[in-house]
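Report on the following structure.
What follows is calculated from the coordinates using simple rules that are stated; it is not laboratory data. In this text the structure is predicted, and so the values were computed from the model without any measurement. So basically every Cβ, Gly included, is an ideal-geometry build from the backbone, and we count neighbours across all protein chains shown.
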Protein chains: 2
Amino acid sequence: MINIAILGFGVVGSGVAEVIFRNSKELASRLDGEELNIKYILDKREFPDHPLGNRVVNDIDIILNDDDVFLVVETMGGLHPAYDFSKKALLAGKSVVTSNKEVVAACGAELLSIARSNNIGYLFEASVGGGIPIIRPMWQCLAANKIDRIAGILNGTCNYILTKMEKEKTDFETALCEAQALGYAERNPSADVEGMDTCRKISILTSLAFGKHVYPEKIQCEGITHITYDDILFARNHGYAVKLLGMSKKESDGKVYVLTAPFFVSEENEIAGVNDVYNGIQVEGNVVGDVLFCGRGAGSLPTASAVMADVLDVIRDCRKTIGWKNEEADFLGDISNNVTDFYVRTKAGESVVKTVFGDVKTEKAGDGTAFFTGKMKQSDAEEKIALLGAETVKIRILD
Amino acid sequence: MINIAILGFGVVGSGVAEVIFRNSKELASRLDGEELNIKYILDKREFPDHPLGNRVVNDIDIILNDDDVFLVVETMGGLHPAYDFSKKALLAGKSVVTSNKEVVAACGAELLSIARSNNIGYLFEASVGGGIPIIRPMWQCLAANKIDRIAGILNGTCNYILTKMEKEKTDFETALCEAQALGYAERNPSADVEGMDTCRKISILTSLAFGKHVYPEKIQCEGITHITYDDILFARNHGYAVKLLGMSKKESDGKVYVLTAPFFVSEENEIAGVNDVYNGIQVEGNVVGDVLFCGRGAGSLPTASAVMADVLDVIRDCRKTIGWKNEEADFLGDISNNVTDFYVRTKAGESVVKTVFGDVKTEKAGDGTAFFTGKMKQSDAEEKIALLGAETVKIRILD
């Protein structure tokens, strides 16, 4: 019997318990018949009616001091105390499996290093893309590649809202309300719609792909609150879908450029077809070409599926070395030097647009004017766009 | 230094050599600095101008008898002598990594069992989906799931032809010629267009997902040679794309139903958007929901990328237990009992159609009549369709 503890019995934590119960036969078959036992659940709340209610404790030390507990599943969410508890567990010699992107993005290098020193695991498949296999495939299956680019739809809430806006020809606020009514968006949706959630996830994928920790606060971050139906319509008329992407790429200067922003994605690119609450992550390697991973990026059971893959892995004593090193100076490129093509929608008149941007082809979009800038340095584009006045929106084009 | 031998220096074998050369730094970083050395290449031909020309041998025993050779990469293709050489290598205690779907589909259970007995690896990530990570993600990342269904576009040649037929409003033969001209189809394309290649790949995925070997000759197999542009147009007008799928699913009777056939795939399903030479594999698990893996399913470097992931894995001494057991009676269901909805195109008159199928809604398609049957048992559908005469075509609908 293998004893585990679950920290946090919310959406993901209770999903983990359900998967252990529901698929016990499949799990045992992967563990040479050994059974998994949830010895403790750490939560402030009590669950008197739950079959596992008698496993609930509210003191982390009970878990840390119990030598029978082989591994800890951290599904608390939030930075504190999840980070502190994870660190203590690792220092106590217990492997940790987490779904907590905030902790991995903020403290991954440190926790991975403690795990390595103690010859145990700190695994985080569930921290990006919910149940979609992405961390391990990138680390293991694409191991023979230099990664050139990652472009990911990493937030199901934003993707749902953008899809809804297009399908129902509606504005951001209306689509957000529908997403909230369906439980796809939280009452305070800012971490999702302002891009912070995507930012944390692209921080994790970039760190994994390029081997150095990239902290979220160093990543330029734009959300989708300024996108209108007119933008989406303009995009579709020109063969694009509007998607919020986490994006990182290695350029010929050897630096890695990372960004979270809405993009016009060409309909020729399969991620343009990833809709609703689905996530899609496109990885380009120098020998494999591009591969795409899609699925539900959140939810209790999908996320628990990824947590349990890590749990099985730790028990089978593999993949302890997954991860990356500490941050390194000069590793990241300055995103403002990044050359890209922009879509611009503005209330400035056509003559102003042409004075600033030269002979671009303009079109009416809603009660404004829209056009493509052609390729230019981000900083140059931003300078020019500033000249068009406050009511101007820019969206990048994905090559 | 880790010595390996490559059996067969064709498209994939030479790609493996190129990846080892091109990404040597990345590979060494995954092997704690150890270098990979291609000690031998087995091929009947000589390669005097190739930098590795002096490594070429044409006697397998030189490789089998050299204790310095840690693992063998089998990229010969075809059943014999690839199977015989792989078996000898495993019996000699050398791990084998293969891209050869024919050998894995025909003899996987036997070779996996020899590998297990000798505590070495027989790995085959490259045998399905070229460079797309699929074998290991299914085995490892979805390990906590019961697999409910697999639906895969597994043959790039067929997908290219079907995409081309739609885009250029052309017939099968014309699209095939273009595919041949571009090198996407072989001069003798029958293994691709008649579905045998897809059949081998779904045999491998089904064996892996459900744990028992499913031999290709037990899988009903239809190709795409009978598909016309009219079928594709009819499909599109009703919200479907036509795709050749390898499909397997576990039904409530506990049996697994496997099939290779063209399907109408709803545009709501992301695999409908997987076009050109791309492969797309959709896996449904009971906790993860559906996940999709896409990418180039063939080609020298993509396939070599997958081969090298296995090579790294074997060297790092992991995943020896990947695989499945021998075939089992009563494991497979009789596909003729499978209930599905069919699209039918026939030269039979409308009154004949209505006599046989009742009040179905018919439409003109080319110089024939087309309609959906509604859900029925495959054997019933086939009986009724036989009554419509020889010039009748049926295509399944993907739920």
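When the C-alpha to C-alpha distance is required to be over 27 Å, the pairs from A:K146/B:K249; A:K218/A:K354; A:K218/A:K250; B:K164/B:K347; A:K169/A:K354; B:K146/B:K218 that qualify are A:K146/B:K249; A:K218/A:K354; A:K169/A:K354.
Approximating the spin labels as points 7 Å out from Cα along Cα→Cβ, the A:N237-to-A:K167 distance works out to 2.4 nm. For region B:246-399, dividing the convex hull volume of the Cα atoms by the residue count gives 179 Å³ per residue.
Between the listed residues A:G389, A:T362, A:M376, the Cα displaced farthest toward the positive end of the dipole of region A:338-398, a dipole computed from Cβ unit charges relative to the Cα centre, is found at A:M376. Looking at chain A, the pairs of alpha carbons with a distance over 37 Å make up 26% of the total. Give me the net charge of B:V12's neighbourhood, meaning all other residues with Cβ under 14 Å from the Cβ of B:V12; Lys, Arg count +1, Asp, Glu -1. Around B:V12, the surrounding residues sum to -4. Placing R0 at 45 angstrom, the Cβ-Cβ distance between B:N188 and A:E268 gives a FRET efficiency of 0.90 after rounding to 0.05.
Projecting the Cα atoms of B:G333, B:L90, B:V344 onto the dipole axis of chain B, where Lys and Arg carry +1 and Asp and Glu carry -1 at the beta carbon, places B:G333 farthest toward the positive end.
Find every distance from the label point of B:E391 to the corresponding label point in the other copies (7 Å from Cα along Cα→Cβ) and write them in nm, one decimal, shortest first. Going from nearest to farthest copy, the values are 6.3 nm. The other copies place their A:N337 label points at 6.7 nm from this one, listed shortest first, where each point is 7 Å from Cα along Cα→Cβ. Rounded to the nearest 20 debye, the dipole magnitude of region B:338-398 is 120 debye, with +1 charges on Lys and Arg beta carbons, -1 on Asp and Glu beta carbons, and the Cα centre as origin. Counting, for every residue in A:281-287, the Cβ atoms of other protein chains within 10 Å of its Cβ and taking the mean gives 5. The relative contact order of chain B comes to 18 percent, based on Cα pairs under 8 Å that sit 6 or more residues apart. Compactness ratio for region A:143-296: Cα radius of gyration over 2.2 N^0.38 Å (N = residue count) comes to 1.03. Averaging the sequence gap over all C-alpha pairs within less than 8 Å and six or more residues apart, then dividing by the number of residues, gives region B:338-398 a relative contact order of 52 percent.
Counted as membrane-span-like here are DSSP H helices of chain B whose alpha-carbon atoms extend 15 Å or more along the helix's own axis and whose Kyte-Doolittle mean is 0.0 or above; these are B:11-22, B:101-117, B:196-210, B:300-315.
Across peptide A:289-300, the mean count of Cβ atoms from other chains lying within 10 Å of each residue's own Cβ comes to 6.
As a rough footprinting exposure proxy, the listed residues A:D32, A:D359 were ranked by other beta carbons within 10 Å of their own, and the order from fewest upward is A:D359, A:D32.
Helical content of chain A, expressed as a calculated mean residue ellipticity at 222 nm, amounts to -10000 deg cm²/dmol (DSSP H runs of 4 or more residues, -39,500 (n - 2.57) each, divided by residue number, nearest 500).
Across peptide A:29-36, the average count of Cβ atoms from other chains found within 10 Å of a residue's Cβ is 1. Each Cα pair of the protein assembly as shown feeds into the Kirkwood radius, which the Stokes-Einstein equation turns, at 4 °C and 1.567 mPa s, into a diffusion coefficient of 46 µm²/s. Here r is the Cβ-Cβ distance between B:N58 and A:N119 and R0 is 41 Å; the resulting FRET efficiency, rounded to 0.05, is 0.35. Site pair B:E110 and A:T355 shows an inter-label distance of 8.2 nm when each label is modelled 7 Å from Cα along Cα→Cβ. In nanometers and ordered shortest first, the copy-to-copy spacing of the B:E34 label point, defined 7 Å from Cα toward Cβ, is 2.5. A convex hull fitted around the alpha carbon atoms of region B:338-398 yields 72 Å³ per residue. Residue exposure proxy: A:H226, A:H213, ordered by other Cβ atoms within 10 angstrom of their Cβ from fewest to most, comes out as A:H226, A:H213. Averaging the sequence gap over all C-alpha pairs within less than 8 Å and six or more residues apart, then dividing by the number of residues, gives region A:8-72 a relative contact order of 25 percent.
Taking a ≥ b ≥ c as the square roots of the eigenvalues of the Cα gyration tensor, an a/c ratio below 1.5 marks region B:4-130 as rounded.
Given +1 at the Cβ of Lys and Arg, -1 at the Cβ of Asp and Glu and no other charges, the dipole of chain B around its Cα centre is 460 debye to the nearest 20. Pairs of lysine residues in region B:1-131 that meet both criteria, 8 or more places apart or on different chains and Cα atoms under 24 Å apart, total 10. Loop-located GluC sites (Glu not before Pro) in region A:201-309 (DSSP state not H, G, I, E or B) with no more than 10 neighbouring Cβ atoms inside 10 Å: A:E268. Magnitude of the charge dipole for region B:229-385, about its Cα centre and with charges confined to Cβ atoms of Lys, Arg (+1) and Asp, Glu (-1), is about 160 debye.
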